[in-house]
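**Student:** Okay, here's the structure, questions in a sec.
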Amino acid sequence: MKKIMISTGGGDAPGLNAVIYAVVHACYRRGWEVYGSRSGYRGLLDLDELQRLHIEDVEGIYSIGGTILGSTNKGNPFSTPVENLAGEVQVVDVSDKIMRNFRRMGFDCHIAIGGDGSLEIAHRFAGKGMPVIGVPKTIDNDLEATDRTFGFDTAVATATEALDKLHSTAKSHDRVMVVEVMGRESGWIALYSGISGGADVILLPEIPFSMDVVCEKISDNELHEKNYSIVVVAEGAIVKGGSVIAREGELGREEMLLGGVGEWVANEIRQSTGKDTRSLVLGHLQRGGSPTTFDRLLALRFGAAAVRLVEEEKFGHMVALVNSHMGAVPLEEAIKSRKKVNLQSDKVFTAREIGICLGE
Ligand code: F6P
């Protein structure tokens, strides 16, 4: 009999519940117990936040977005900022307490579902002796070691649907619509949804853009009697010689909060071309809703594969999709670098060939 702990960390992504479903079922078939830790590691800081998961608890959740366990992208257990009564912020390390509770509960393995940040934390716990299996999650699809992360396909579908809808209103008003989508250092969502959703311009973090080139494309549309344009901008896109546009940080959050580049691009377009221009931020809509069939299946496969890795005692690994096959990669490899859009890929060539401007 094994006792497994499962957690979901970082920003939520459609498919998290499907992983939990698969883990609980695969463990049940083996006669193992599963406990969910609420909000990342909170269950190991306060044992009341641990929830025993029976198959009844996960009934039907594979099709539901979000995570029944809750998640957080604040408070790295190795350096958690805590505000004292005097309003001063102190950084504390609660990792030893987490390790003590993990052992006290008699857990054999922690299945950590997360993106780069959460998997890095899981890797540090592995270094302290916690048997860990990682499951790659992020709508940004920016983990190098796996062909795909779950959540990405759903985010692209949501963004593409939004672009489809914006076409009619942009056309009715002869407007430029600028849509900011998620994607911090990688423009996967922008590229996939932009190509599929008929964008005129796609701006990626991988290609610093020139506003002159963007405005030229918009004016060129007019010459071809297309009096509207759709511009898709990844939140991490950067104008040539500039830097990312970020918002004010939040206590306990290590990553920069990005946002605002869409509005900035819209203002520049308005000033240069005189066109009626509007911008919108698609934001967290991209993280919500029911996972697509692709994400659901991938998440279920990841969950089942994670349990097989526990059985094989292949700790310190992350399940990964490699050349369409389910595999495992060392966590250390998985967190090494971010997966960027390959500028020599056929998708980028396709964008250019069908007349999409990439701001180059
Ligand atoms: O990493 C996933 C992600 O959705 C990023 O694309 C985005 O920058 C960030 O999370 C937003 O985080 P929050 O939910 O804290 O606003």
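What follows draws every value from the coordinates through simple rules; no lab data is involved. Treat the numbers as computed from the prediction; the structure is a model and nothing was measured. Don't worry about glycine lacking a Cβ; one is built from the backbone with ideal geometry, like all the others, and counts go over all protein chains shown.
**Student:** Tally Lys and Arg at +1 and Asp and Glu at -1 over the other residues with C-beta under 12 Å from the C-beta of HIS123: what net charge comes out?
**Tutor:** Neighbour charge sum, excluding HIS123 itself: -1.
**Student:** Here's a follow-up. Within the set of other residues whose C-beta is less than 13 Å from the C-beta of THR273, count the net charge using Lys and Arg as +1 and Asp and Glu as -1.
**Tutor:** -4
**Student:** Continuing with the same structure: Can you run phi through the Karplus equation (6.51, -1.76, 1.60; θ = phi - 60°) for segment 279-290 and list ³J(HN,Hα) in whole Hz, with x for Gly and Pro?
**Tutor:** Each residue of segment 279-290 in turn: 10, 9, 10, 6, x, 6, 4, 5, 9, x, x, 6 Hz.
**Student:** Listed here are the pairs LYS165/LYS226; LYS74/LYS240; LYS171/LYS240; which of them are more than 20 Å apart at the Cα?
**Tutor:** LYS74/LYS240; LYS171/LYS240
**Student:** Measure nothing but the geometry: give the 0 to 90° angle between the long axis through the Cα atoms of 16-30 and the longest principal axis through the Cα atoms of the chain, rounded to 10°.
**Tutor:** Tilt of helix 16-30: around 30 degrees.
**Student:** Pop out the ³J(HN,Hα) list for segment 55-65 in order, Karplus 6.51 cos²θ - 1.76 cosθ + 1.60 with θ = phi - 60°, rounded to Hz; leave Gly and Pro as x.
**Tutor:** Karplus-based 3J(HN,Hα) across segment 55-65 equals 5, 5, 6, 10, 3, x, 6, 4, 9, 9, x Hz.
**Student:** Over segment 149-221, what is the mean sequence separation of C-alpha contacts under 8 Å (at least six apart), divided by residue count, expressed as relative contact order in percent?
**Tutor:** 29
**Student:** Using Cα atoms only, what is the angle between the long axis of helix 95-104 and the major principal axis of the chain, expressed in degrees (0 to 90) to the nearest 10?
**Tutor:** So the inclination is approximately 50 degrees.
**Student:** I'd like the distance between the alpha-carbon centres of segment 215-279 and segment 142-162, rounded to an integer number of Å.
**Tutor:** 21
**Student:** Still on this structure, I have one more. For VAL92 and SER196 in one chain, what is 0.36 nm times their gap in residues minus the Cα-Cα distance, to one decimal in nm?
**Tutor:** Difference between extended and current length: 32.8 nm.
**Student:** How long are the three semi-axes of the equivalent ellipsoid of segment 1-152, in whole Å, if each is the root of 5 times an eigenvalue of the C-alpha gyration tensor, listed from largest down?
**Tutor:** Semi-axes, largest first: 24, 19, 15 Å.
**Student:** What is the chain's relative contact order, in percent, from Cα pairs under 8 angstrom and six or more apart in sequence?
**Tutor:** 22
**Student:** Could I ask something else about it? Normalise the Cα radius of gyration of the chain by 2.2 N^0.38 Å (N = residues in it) and let me know the number.
**Tutor:** Normalised Rg, Cα atoms only: 1.06.
**Student:** Express in nm, to one decimal, how much length is gained between LYS226 and SER79 on full extension, taking 0.36 nm for each residue of separation and deducting their alpha carbon distance.
**Tutor:** Gain in length upon complete extension: 47.6 nm.
**Student:** Moving on. Just the number, please: Stokes-Einstein D of segment 123-197 in µm²/s, Kirkwood Rh from C-alpha pairs, 20 °C, 1.002 mPa s.
**Tutor:** Value of D from the Cα-based Kirkwood radius: 149 µm²/s.
**Student:** Could you tell me the distance between the Cα centroids of segment 58-136 and segment 291-332, to the nearest Å?
**Tutor:** 19
**Student:** Continuing with this model, one more query. Please compute the Kirkwood hydrodynamic radius over segment 213-360, one decimal place, Å, based on all pairs of different Cα atoms.
**Tutor:** Evaluated over segment 213-360, this radius sits at 19.5 Å.
**Student:** Here's a follow-up. Net charge near ASP12: determine it from the other residues with C-beta under 11 Å of the C-beta of ASP12, scoring Lys and Arg +1 and Asp and Glu -1.
**Tutor:** +2
**Student:** Could you quote the convex hull projected area for segment 197-254, Cα atoms only and averaged over all directions, in nm²?
**Tutor:** For segment 197-254, the mean projected area of the Cα convex hull comes to 5.5 nm².
**Student:** To continue, here is another question. Which of the GluC sites (Glu not before Pro) found in segment 66-160 are loop residues per DSSP with 10 or fewer other Cβ atoms within 10 Å of their Cβ?
**Tutor:** Taking segment 66-160 and a limit of 10 other Cβ atoms within 10 Å, the loop GluC sites (Glu not before Pro) found are GLU88.
**Student:** What order, most packed first, do the peptides 129-141, 196-208 have when packing is the mean number of other Cβ atoms within 10 Å of each residue?
**Tutor:** 129-141, 196-208
**Student:** Could the peptides 42-53, 344-355, 163-174 be put in order, highest first, of the mean number of other beta-carbon atoms found within 10 Å of their residues?
**Tutor:** By packing density, highest mean first, the sequence is 42-53, 163-174, 344-355.
**Student:** Check segment 258-360 and count each lysine pair with an alpha-carbon distance under 27 angstrom, considering only pairs eight or more places apart or from different chains.
**Tutor:** 4
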